[in-house]
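Participant: Pasting a structure here, questions to come.
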Amino acid sequence: MLTHLQRLEAESIHILREAVAESERPVMLYSVGKDSSVMLHLAMKAFYPSKPPFPLLHVDTTWKFKEMYELRDRLAAELNLDLIVYQNPECIELGINPFTHGSTVHTDMWKTQGLKKALDEHGFDLAFGGARRDEEKSRAKERVFSIRSPQHRWDPKRQRPELWHLYNARKRVGESVRVFPLSNWTELDVWQYIRLEEIPIVPLYLAADRPVVERDGLLIMVDDDRMPLMGEVPKIKRVRFRTLGCYPLTGAIESEADTLTDIIGEMLRATTSERQGRAIDHDASGSMEKKKQEGYF
Amino acid sequence: MAGTLASEPESIEAYLSAHDSKSLLRFITCGSVDDGKSTLIGRLLYDSKLVFDDHLSALEVDSKKVGTQGDDLDFALLVDGLAAEREQGITIDVAYRFFSTDTRKFIVADTPGHEQYTRNMVTGASTADAAVILVDARKGVLTQTRRHSYLVSLLGIKRIVVAVNKLDLVDYSMEVFARVEASYRAFAGEIGLNDVVCIPISALAGDNVTGPSAHTPWYEGPSLLGYLESVPIDDDQPDGPFRMPVQLVNRPDPEFRGFSGRIVGGSVRPGDGVRVLPGNRESTVARIVTAGGDLDHAITGQSITITLSDEIDVSRGDVLAGMASPPGVADQFEAHVVWMSDDEMLPGRAYLLKMGAKTVGATVAKPKYTINVNTLEHMASTTLMLNEIGVCNLNIDQPIAFDPYSENRDMGGFILIDRLTYNTVGAGLLHFALRRSDNIHWQAIEVSKRAHAELKGQNPCVVWFTGFSGAGKSTIANLVEKKLHGLGHHTYLLDGDNLRQGLNKDLGFTETDRIENIRRAAEVSGLMVDAGLIVLVSFISPFRAERRTARELVGTGEFCEVFVDAPIEVAEERDPKGLYKKVRRGELAHFTGIDSPYEPPLNPDIHIDTVRTSPEEAADRIITELRRMGRLRPT
């Protein structure tokens, strides 16, 4: 009998292979977070001894943590992977940033619009994403294979039923498919698997002394000198991150957990769910669903 | 209590090791909102401590705002997902929830109990190992309980737990519970559900959900969670014969050729003999390759890559099977088909069928009968509508390897895909192959199509004329044939009206009959192309799907679609056969363009505007085009 992690792993590998077999130009969205790390690890397994037959696409906002860029570039080199870094040229031109333009505009322009442009420019017809169904209520109903219109919109009423382990990846001209190999993983599964398989992750997930300021109830790390300080003096606190995004929008938690074992232990006792650290999910309930319909991954 | 966690840091290591070997159980919950299903799932999530503080504070706010439990927490709000549903207060799709205890991880498929959502329940049940069926203690076994139980048994779930809910509202009465249990067991036996456990619960109050309740001292069985933690998991076929559909051929370099897939039955070791189906070639497993090193044994559920000791032809969609008890190979089956599309199933229409890693063309015959999921009665029907279940014969365009669904879900479950929208429109459970496919073999014929054609000195093809009645199809086709004949070509004209007086005289004008009409014309024209002829087909042929089928049957290079285009008003004005007048007098129904649809070609090979082009000009254009396509001898 397989353990739950073995079953999840085997099913994710099955999904990765099925998606590649049924698409022409697949790509893996790689955000450098822990879910991306697990997804990449599964891809390395799924196609072994071949390399994953698709590039990684990092839709970059230029505002990620430094340590994220370091891990990204190191892994791409070590694993000899084809890495595409896409920075929405419109955002570069307009200088879009979270401080002047706010989190909503920043996220929409860099991430949502950037993703659409990157997919269109490269003509990718299938994109892997690391989303999990347990992250948020509206995601509980997302399919493993999800069709997007030529405008990258998601129509919750036009979802295909998914039965057994049969996935329908067919799409009409202009449509594309999003595939979520980690659909059935929980945050706990992801951490257990990272620990068991010794998967490299960004050190920011582990507690360390870091300079932070408190804003709108979030502990924001001052990762570089682009962050305008309104008379605030960064304090050194022992913090870690449960989720990683743009550093000015990602809240840290105070923690002493500096090993994977401690993280899992802390997580098991945790009483704050994962997405709470992200500023973008803080508006009205049902907001993630709206973002998805507009093309947010 | 379930979900309790080791809290001392030094025990985390031990705790984690234990958790690394947890098993995974998938179950489905059936029942309506009124039965307290969402409340039950919310309770399981809550009691296994998977509800975090921020969710909980949102829940408290929501409970006060839209909840139905006064000042108490409304657990149902934890699981209702999409915004539209939340407003309507109902769950309208399949949602997957996750929770975990010290011994198991659970994936819950939460599906609605409303009449129109058979499709969602079937979807949720397809991957479930067990089913939780909710019954309101006050109402007992209802029509919907029977419906859910039937669907669960149809999808092959053997372990059933009946949660008799709202026991608090009947004063925790043993008599009420016993009555519900007896009536359920009587019904379950009839439909072959034998592994049934009944548990008296209150989802709202938490009785017997995660632990024994003081309110039911007369009940000695397990709590619901206790049952779910201990019920055996039937990994599909751990001891059955080896099965692995090949998803990919893995070729990193010329030295390595592996076949990647997930084992869906039995187990495999290096040195085992394997059959490759449907081609029925044999070889021996050389290595079982994984990124973590070669394995000396792999079991059901594992994703692996196998290399064989012989260089034999294996492609995606083939099945690797053990030498003993190989799967069947056939191209005609009987199956249960569950229809999942708003557009009804059209018998005879070509759909795509996906099973394992193989996708083939398929047609579904008129149902032998449909099943009323409420009464289980068999009913006559010519089609399947959304949420209907029928027993049908299927024809597929190439043989596939299969096992009966009752023996292996992954080897006998399939989906049907529409060829134009690519939506998943149906699901099927394959029972057995029809005998005739065993007995009729393709007769190898030595005088080939090419030999036929060479003798005639031409390149055979089909010129397919489509358009309204009165558009001028027959007139133009007739002229083209005369011209080709004059040029010394061997031709034949298949005319819709003429065929309907002979080969197709048993067919009427319903959608189903029209599809069969075209199928026969396509088959006959295909045979004539084999015989070396240039075939002119003049049929209204209103549906894109069937014209596309004809094109695929004949072969794209040998098929030329001519759209004979006349606006319906012009065609009616011409009315060469007086048919439009009959329609207007009400003497003729199902007439294309009037009360039956016509789907014009989106991309015809030749488009003739009959308002601006004379039949003579049209015929010349077609001849020129055929010459350009290389179908005619050069002049």
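Participant: Looking only at region B:208-224, count every residue that is touching a residue at least 60 places away in the same chain (Cβ under 8 Å) and either open to solvent by 60 Å² or more (accessible area, probe 1.4 Å) or in contact with a strand residue (DSSP E or B) (Cβ under 9 Å, 6 or more places away or on another chain) (or both) and tell me the total.
Facilitator: Start the filter on region B:208-224 by keeping residues that are touching a residue at least 60 places away in the same chain (Cβ under 8 Å), which leaves B:209-211, B:224.
Among the residues that remain, those that are also either open to solvent by 60 Å² or more (accessible area, probe 1.4 Å) or in contact with a strand residue (DSSP E or B) (Cβ under 9 Å, 6 or more places away or on another chain) (or both) are: B:209, B:224.
Number of matching residues: 2.
Participant: Same structure, new question: Quick one: what pairs do we get from region B:193-207, first residue assigned by TED's automatic domain parsing to the domain that holds B:ILE157 and open to solvent by 20 Å² or more (accessible area, probe 1.4 Å), second at pLDDT 90 or above and part of a strand (DSSP E or B), C-beta under 6 Å, 6+ apart or different chains?
Facilitator: Cβ pairs passing all conditions: B:ASP195/B:ARG159; B:VAL197/B:VAL161.
Participant: Against the condition modelled with pLDDT of 85 or more, within 20 Å of A:GLN159 (Cα to Cα), not in a loop (DSSP other than H, G, I, E, B) and not assigned by TED's automatic domain parsing to the domain that holds B:MET385, how does B:ALA109 come out, does it pass? Break it down stepwise before answering.
Facilitator: Values: modelled with pLDDT of 85 or more: yes; within 20 Å of A:GLN159 (Cα to Cα): yes; not in a loop (DSSP other than H, G, I, E, B): yes; not assigned by TED's automatic domain parsing to the domain that holds B:MET385: yes.
Judged against the criteria, B:ALA109 is a match.
Participant: Still on this structure, please answer the following. Where the second residue is among the hydroxyl-bearing types (Ser, Thr, Tyr) and assigned to a strand (DSSP E or B) and the first is at negative phi and lies in region B:560-575, which pairs have Cβ atoms under 8 Å and are six or more apart or on separate chains?
Facilitator: Filtered contacts from region B:560-575: B:GLU561/B:THR466; B:VAL562/B:THR466; B:PHE563/B:THR466; B:VAL564/B:THR466.
Participant: Could I ask something else about it? Mind checking whether some residue in region A:125-143 is part of a loop (DSSP other than H, G, I, E, B), facing chain B (nearest Cβ under 8 Å) and surrounded by fewer than 22 Cβ atoms within 10 Å (Cβ to Cβ)?
Facilitator: So in region A:125-143, the residues part of a loop (DSSP other than H, G, I, E, B) come out as A:125, A:129-132, A:136, A:142-143.
Next, from what is left, pick out any that are facing chain B (nearest Cβ under 8 Å): none.
Within region A:125-143 (the criterion being part of a loop (DSSP other than H, G, I, E, B), facing chain B (nearest Cβ under 8 Å) and surrounded by fewer than 22 Cβ atoms within 10 Å (Cβ to Cβ)), the answer is no, since none of the residues qualifies.
Participant: Restricted to region B:266-295, and to residues that are more than 32 Å from the chain's Cα centre (by Cα) and open to solvent by 60 Å² or more (accessible area, probe 1.4 Å), which residue is farthest from the other protein chains (Cβ to nearest Cβ)?
Facilitator: Restricting to residues being more than 32 Å from the chain's Cα centre (by Cα) and open to solvent by 60 Å² or more (accessible area, probe 1.4 Å), the top hit is B:ARG269.
Participant: While we're on this one: Provide a single number: the residues in region B:314-345 that are open to solvent by 60 Å² or more (accessible area, probe 1.4 Å) and either without any contact (Cβ under 8 Å) to a residue 60 or more places away in the chain or of a type in the set (Val, Ile, Thr) (or both).
Facilitator: Matching residues across region B:314-345 total 3.
Participant: While we're looking at this one, here's another question. Does B:GLY470 satisfy the criteria of being buried (at least 20 other Cβ atoms within 10 Å of the Cβ), in a loop (DSSP other than H, G, I, E, B), of a type outside the set (A, V, I, L, M, F, W, C) and assigned by TED's automatic domain parsing to the domain that holds B:LYS581?
Facilitator: Working: buried (at least 20 other Cβ atoms within 10 Å of the Cβ): yes; in a loop (DSSP other than H, G, I, E, B): yes; of a type outside the set (A, V, I, L, M, F, W, C): yes; assigned by TED's automatic domain parsing to the domain that holds B:LYS581: yes.
So B:GLY470 passes the test.
Participant: Right, something else. Only one of B:ARG138, B:ARG159, B:ARG146 is modelled with pLDDT of 85 or more and in contact with a strand residue (DSSP E or B) (Cβ under 9 Å, 6 or more places away or on another chain); which?
Facilitator: Exactly one residue qualifies, and that residue is B:ARG159.
Participant: For region A:47-74, enumerate the residues that are more than 16 Å from the chain's Cα centre (by Cα) and either more than 22 Å from A:SER176 (Cα to Cα) or among the charged types (D, E, K, R) (or both).
Facilitator: Of everything in region A:47-74, those that are more than 16 Å from the chain's Cα centre (by Cα) and either more than 22 Å from A:SER176 (Cα to Cα) or among the charged types (D, E, K, R) (or both) turn out to be A:PHE47, A:TYR48, A:PRO49, A:SER50, A:LYS51, A:LYS66, A:GLU70, A:ASP73, A:ARG74.
Participant: Turning to a different aspect of this structure: Taking region B:519-542 as the search range and keeping residues that are of a type in the set (Val, Ile, Thr) and within 14 Å of B:LEU507 (Cβ to Cβ), which one is surrounded by the fewest Cβ atoms within 10 Å (Cβ to Cβ)?
Facilitator: Residues of region B:519-542 of a type in the set (Val, Ile, Thr): B:524, B:529, B:534-535, B:537, B:540.
From the residues that got through so far, the ones that are within 14 Å of B:LEU507 (Cβ to Cβ) too are B:524, B:540.
Values: B:VAL524: 17, B:ILE540: 25.
By that ranking, first place goes to B:VAL524.
Participant: If B:SER260 satisfies every condition in (1) polar (S, T, N, Q); (2) assigned to a loop (DSSP other than H, G, I, E, B); (3) within 13 Å of chain A (Cβ to nearest Cβ) but one, which is the exception?
Facilitator: (2)
Participant: Same structure, new question: Report yes if some residue within region A:2-19 is buried (at least 20 other Cβ atoms within 10 Å of the Cβ), on the phi < 0 side of the Ramachandran plot and more than 14 Å from every other protein chain (Cβ to nearest Cβ); otherwise report no.
Facilitator: no
Participant: Which of the residues belonging to region B:455-490 are touching a Lys or Arg at 6+ places or on another chain (Cβ under 9 Å) and within 20 Å of B:GLU523 (Cβ to Cβ)?
Facilitator: B:PRO460, B:CYS461, B:VAL462, B:VAL463, B:TRP464, B:PHE465, B:THR466, B:HIS490
Participant: Take A:PRO181 and tell me if it is within 29 Å of B:MET355 (Cα to Cα) and part of a loop (DSSP other than H, G, I, E, B). Talk me through it step by step, then tell me what you get.
Facilitator: Details: within 29 Å of B:MET355 (Cα to Cα): yes; part of a loop (DSSP other than H, G, I, E, B): yes.
For A:PRO181, the condition - within 29 Å of B:MET355 (Cα to Cα) and part of a loop (DSSP other than H, G, I, E, B) - is met.
Participant: Let me ask something additional. When you look at B:TYR184, is it open to solvent by 30 Å² or more (accessible area, probe 1.4 Å), among the hydroxyl-bearing types (Ser, Thr, Tyr) and away from chain A (no Cβ under 14 Å), yes or no? Break it down into steps so the answer makes sense when it comes.
Facilitator: Working: open to solvent by 30 Å² or more (accessible area, probe 1.4 Å): no; among the hydroxyl-bearing types (Ser, Thr, Tyr): yes; away from chain A (no Cβ under 14 Å): yes.
Taking the combined requirement at face value, the residue does not satisfy it.
Participant: What do you reckon, is A:ARG160 closer than 29 Å to B:LEU45 by Cβ, touching a strand residue (DSSP E or B) at 6+ places or on another chain (Cβ under 8 Å) and in contact (Cβ under 8 Å) with a residue 12 or more places away in the chain? Write out each step before concluding.
Facilitator: Values: closer than 29 Å to B:LEU45 by Cβ: yes; touching a strand residue (DSSP E or B) at 6+ places or on another chain (Cβ under 8 Å): yes; in contact (Cβ under 8 Å) with a residue 12 or more places away in the chain: yes.
For A:ARG160, the condition - closer than 29 Å to B:LEU45 by Cβ, touching a strand residue (DSSP E or B) at 6+ places or on another chain (Cβ under 8 Å) and in contact (Cβ under 8 Å) with a residue 12 or more places away in the chain - is met.
Participant: If you take the residues of region A:42-59 that are surrounded by fewer than 21 Cβ atoms within 10 Å (Cβ to Cβ) and not aromatic (Phe, Trp, Tyr), which of them is farthest from the other protein chains (Cβ to nearest Cβ)? Quick ask: steps written out before the conclusion?
Facilitator: Of region A:42-59, the ones surrounded by fewer than 21 Cβ atoms within 10 Å (Cβ to Cβ) are A:44-45, A:48-51, A:53, A:55.
The next check asks that each one be not aromatic (Phe, Trp, Tyr); those that pass are A:44-45, A:49-51, A:53, A:55.
On the way: A:MET44: 6, A:LYS45: 4, A:PRO49: 5, A:SER50: 4, A:LYS51: 8, A:PRO53: 9, A:PRO55: 17 Å.
Per the stated criteria, the residue is A:PRO55.
Participant: Then there's this: In contact with a Phe, Trp or Tyr (Cβ under 9 Å, 6 or more places away or on another chain), open to solvent by 20 Å² or more (accessible area, probe 1.4 Å), in contact (Cβ under 8 Å) with a residue 24 or more places away in the chain and closer than 30 Å to A:PRO228 by Cα - does that describe any residue in region A:66-83?
Facilitator: So far as region A:66-83 goes, yes, one or more of its residues are in contact with a Phe, Trp or Tyr (Cβ under 9 Å, 6 or more places away or on another chain), open to solvent by 20 Å² or more (accessible area, probe 1.4 Å), in contact (Cβ under 8 Å) with a residue 24 or more places away in the chain and closer than 30 Å to A:PRO228 by Cα.
Participant: Further question: Given (1) crowded, with 21+ Cβ neighbours inside 10 Å; (2) within 12 Å of another protein chain (Cβ to nearest Cβ); (3) small (Gly, Ala, Ser); (4) under 14 Å from A:VAL179 (Cα atoms), where does A:SER36 come up short, assuming only one miss?
Facilitator: (2)
Participant: Same structure again: Report yes if A:VAL202 is surrounded by 19 or more Cβ atoms within 10 Å (Cβ to Cβ) and more than 14 Å from chain B (Cβ to nearest Cβ), otherwise no. Outline the logic, then answer.
Facilitator: Working: surrounded by 19 or more Cβ atoms within 10 Å (Cβ to Cβ): yes; more than 14 Å from chain B (Cβ to nearest Cβ): yes.
Judged against the criteria, A:VAL202 is a match.
Participant: Then there's this: Considering every residue within region B:234-251, establish whether at least one is touching a residue at least 60 places away in the same chain (Cβ under 8 Å), more than 21 Å from B:ARG409 (Cβ to Cβ) and not charged (D, E, K, R). Explain how you work it out, then say what you get.
Facilitator: Keep residues of region B:234-251 that are touching a residue at least 60 places away in the same chain (Cβ under 8 Å), which gives B:234-238, B:240-249.
Now restrict to residues that are more than 21 Å from B:ARG409 (Cβ to Cβ): B:248-249.
Then drop every residue that is not not charged (D, E, K, R), which leaves B:248-249.
Yes, region B:234-251 contains at least one residue that is touching a residue at least 60 places away in the same chain (Cβ under 8 Å), more than 21 Å from B:ARG409 (Cβ to Cβ) and not charged (D, E, K, R).
Participant: Considering (1) more than 20 Å from the chain's Cα centre (by Cα); (2) surrounded by 22 or more Cβ atoms within 10 Å (Cβ to Cβ); (3) within 12 Å of chain B (Cβ to nearest Cβ), say which one A:TRP185 fails and leave the rest.
Facilitator: Result: A:TRP185 passes all but (1).
The values are calculated or read from the model by the stated rules, or taken from the named source; none is laboratory data. No experiment lies behind these values; they were computed from the predicted model shown. Every residue, glycine as well, gets a Cβ built from its backbone with ideal geometry; the counts of neighbours run over all protein chains shown. What goes into the accessible areas is simple: the full protein's heavy atoms, side chains included, and nothing from ligands, DNA or RNA. Shrake-Rupley method; radii C 1.70, N 1.55, O 1.52, S 1.80 Å.
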